[in-house]
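First the structure, in the form of structure tokens, and then the observations on it.
The values are calculated or read from the model by the stated rules, or taken from the named source; none is laboratory data. On a predicted model such as this, the values are computed, not experimentally measured, just so you know. Backbone-built Cβ (ideal geometry, glycine too); neighbour counts: all protein chains shown.
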Amino acid sequence: MRSTTPIPHRQPTEAIAPTRQWPRVSILLAAAILVPACMSLEQIAPPIATLAAPPERASSLEQGRLIYLQTCSRCHAAPRILEYTPAEWDTILPDMFDESDLAGPHRRLVTGYVTLVMQRTGSAPLDSGIAASDPGA
Ligand code: HEC
């Protein structure tokens, strides 16, 4: 009982194609994971460039934003700033600063940044507590 099917000398191209496609698949996968992550980061803490910041304050505001994203994601996901009103931030920020053991200068940087987000997005008139930290607007 001899088989009439000839033994192939070479692998059919289909057999190697999936291996060659792997790099492209990984890039697509990475993009699919990273792109939503970037978008949500911007929703959590709006980038300085979108806030019409006074140029002389841009670098301290950027620091405030980075400290916010780093510090405030240690115990829970960093909250989306616009989910809370200025009055709520007035209570939450000092509370969470204590929780985070954040140093005074860092508190001022974060407060300045959150204040500007509140102001620029016109979410509500600012309460005294946040505004008192000299947003310098
Ligand atoms: C050491 C851990 C820790 C760190 C760091 C931390 N938090 Fe929290 N956060 C908590 C805990 C625990 C709760 C829930 C209990 C509570 O409200 O105190 C909470 C709750 C909150 C809430 C919900 C409050 C409410 O009333 O709905 C907000 C908003 C918040 N944190 C913001 C922040 C911000 C902003 C920072 C950075 C400055 C921060 N957190 C850093 C532990 C932390």
Point to revise | Qualifying positions in the range 68-103 - part of a loop (DSSP other than H, G, I, E, B) and either surrounded by 15 or more Cβ atoms within 10 Å (Cβ to Cβ) or not charged (D, E, K, R) (or both) | key: C72, S73, C75, H76, A77, A78, P79, Y84, T85, L102, A103
Review point. Could you count how many residues in the range 43-87 are more than 15 Å from the chain's Cα centre (by Cα) and near the ligand (Cβ under 7 Å from one of its atoms)?
Key: 2
Review point. Inside the range 109-123, can you point out the residues that are part of a helix (DSSP H, G or I) and in contact (Cβ under 8 Å) with a residue 40 or more places away in the chain?
Key: L109, V110, T111, G112, Y113, V114, L116, V117, R120
Exercise for review: State whether the residues of the range 92-111 include one that is closer than 21 Å to R57 by Cβ, among the hydroxyl-bearing types (S, T, Y) and either more than 9 Å from the ligand (Cβ to nearest atom) or at pLDDT below 95 (or both).
Suggested key: yes
